[in-house]
Amino acid sequence: MSGVDHGARIRPAGRDDAALLLELIGELAEYERLAGMVRGDPDLLAKALFDDEAAEAIVAEEGEEAVGYAIFFSTFSSFECRSGIWVEDLFVRPEHRGRGIGRALLGHISGLALKRECARLEWSALDWNSPALQFYDSLGASLMEQWRILRLEGDGLRRLGAGRQSSV
């Protein structure tokens, strides 16, 4: 567990937090104007995080109240020949913003990256989210303007992968 930062305690999420995490994911999706995109449920999330270990999650609490969370997973840099960490979600409930909780969540993950000897910590932000972009800039993060995120899902993923599923 990380220490206290502006009254927030950062702790690893446990299986019992799956419903809470999904609630927070829903709040993030609503803030990002993507509420209709959330299709998971607590069981799927618990399986991904705690059975498959596809990602890790941490929760920020003030007292007994969850005020934010982050979900992150390992990446790999072929240029660095070392792993990194991708922050998939970073969210602090609006009424708790501006008090160092987001910094504490990212600080916790940064500490893990250093401990694991990772080459980098990366994440994305929506181009219209000026408060987040300003916050990340204040941390010293570099905006990678030359890169674009690409995604293959649904029918496109099925078409490309049809008949090519690995036995590994």
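Working only within segment 69-95, note down all residues that are over 17 Å from Ala29 (Cα atoms) and either modelled with pLDDT under 95 or part of a strand (DSSP E or B) (or both).
Phe73, Ser74, Thr75, Phe76, Ser77, Arg82, Ser83, Gly84, Ile85, Trp86, listed by residue number.
Name the residue that is nearest to Ala132 (Cα to Cα), counting only residues in segment 98-121 that are among the basic types (Lys, Arg) and touching a strand residue (DSSP E or B) at 6+ places or on another chain (Cβ under 9 Å).
Arg103
Could you check Ala66 against (1) among the small types (Gly, Ala, Ser); (2) under 15 Å from the mean Cα position of the chain (by Cα); (3) in a strand (DSSP E or B) and say which number it fails?
Ala66 satisfies every listed condition except (2).
Mind checking whether some residue in segment 35-55 is under 12 Å from Phe91 (Cα atoms), within 15 Å of the chain's Cα centre (by Cα) and surrounded by 12 or more Cβ atoms within 10 Å (Cβ to Cβ)?
The answer is no; no qualifying residue exists.
Take the conditions assigned to a strand (DSSP E or B), under 13 Å from Gly14 (Cα atoms) and touching a helix residue (DSSP H, G or I) at 6+ places or on another chain (Cβ under 8 Å) and apply them to Val59. Does it pass?
yes
Could you tell me whether any residue of segment 24-36 is touching a strand residue (DSSP E or B) at 6+ places or on another chain (Cβ under 6 Å) and either at pLDDT 95 or above or under 18 Å from Gly111 (Cα atoms) (or both)?
yes
Could you list, in sequence order, all residues of segment 90-129 that are over 14 Å from Ser74 (Cβ atoms), in contact (Cβ under 8 Å) with a residue 12 or more places away in the chain and small (Gly, Ala, Ser)?
Result: Gly100, Gly102, Ala104, Gly107, Gly111, Ser124.
The values are calculated or read from the model by the stated rules, or taken from the named source; none is laboratory data. What you see is a predicted model; the values in this text were computed from it and never measured. Here the Cβ is made from the backbone with ideal geometry for all residues, glycine too, and neighbour counts use every protein chain on show.
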